[in-house]
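Quick notes on the structure that follows.
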Amino acid sequence: MEQSFQQQPLVQPKNWLVESILVTLFCCLPFGIAGIVFASQVNSKFTAGDYAGAAQASKDAGKWTKIGFWIGLGVLIIYIIAIFAFGATAFWAARKDIQYR
Amino acid sequence: MNVYFRSKYIHFIVISITVLFVALLYFFYDARSPNSLLPHCPFHWLTKLYCPGCGTQRALSSLLHGHVKQAVGYNCLAVFSLPFLIYAAIIFTLNVFRKKQIKLQIFYTNWFPKVLLVVVLLFWVLRNIPSYPFNMLAPS
């Protein structure tokens, strides 16, 4: 991808808008909104002729969308582990006939 | 060149499998049931406020069962952004299989991301106002 940018500097850089929308909708919202802000900067800077600025905004948009995605995935994995741990504890308690309350 | 195209196909296969898995999960495991074990929004858990994404899982389950009106009630932003996401998915698929690359036209206009930002921020604020016309935006 980066090579093709160097060959053709006038190609509008990827603005990560779709990815930002997905991150916004599937939680971890501040990062998705940051992604939308940078996506808007990519477009407006490119039309204004600020190609370096557009490329930088594209990089930032990608960064925040990826941070949002990985944090979202991390929260999901921690959640699944917690559910399994809770379920296993409950199962163990039921088998041992232990009551915690 | 070859490596680039191969990574593109791997991308496509991984995304397709993920989408299919998520669709099957939300079809057979209903997010609408009150004791569902699907993850809850960490923002809502921390602040008791709704984020722009709250209700997306329930909306997904109701959409997959054909209840569009109910899905709009859970998260209308998710439902109304669906046509754009489907459009993006179609263009992405075409770009994987064809040499000629198409750009997502509206996503690269000056106004679309700005309008979207305003809509998302307004939606976030308005759905937390607990009185009549606005509480229709909260997940229910």
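Assorted remarks:
- Unit charges on C-beta of K, R, D, E only; dipole of the protein assembly as shown, Debye: 240 debye
- Shape call, the protein assembly as shown: gyration tensor on alpha carbons, a/c limit 1.5: prolate
- Exposure proxy ranking, count of Cβ atoms within 10 Å, fewest first, for B:ARG32, B:ARG98, B:ARG58: B:ARG98, B:ARG32, B:ARG58
- Contact order normalised by residue count of chain B, Cα under 8 Å, 6+ apart, percent: 23 percent
- Taking each of B:LYS69/B:LYS103; A:LYS66/B:LYS100; A:LYS45/A:LYS66; B:LYS8/B:LYS103 in turn, the alpha-carbon distance tops 25 angstrom for B:LYS69/B:LYS103; A:LYS66/B:LYS100.
- Across the alpha-carbon atoms of region B:1-89, the computed radius of gyration and Dmax are 15.8, 50 angstrom.
- For the segment A:36-43, counting C-beta atoms of other chains within 10 Å of every residue's C-beta and taking the mean gives 5.
- Per-residue Cβ neighbour counts within 10 Å put B:ILE106, A:ILE21, A:ILE67 in the sequence B:ILE106, A:ILE67, A:ILE21, beginning with the fewest.
- Fewest-first ranking of B:PHE107, B:PHE80, using other Cβ atoms within 10 Å as the exposure measure: B:PHE80, B:PHE107
Computed from the coordinates by the stated procedures, all read-outs in this text should not be read as laboratory data. From a predicted model like this one, the values you see are computed outputs, not experimental measurements. Reconstructed Cβ throughout: ideal geometry from the backbone, glycine too, with neighbour counts over all protein chains shown.
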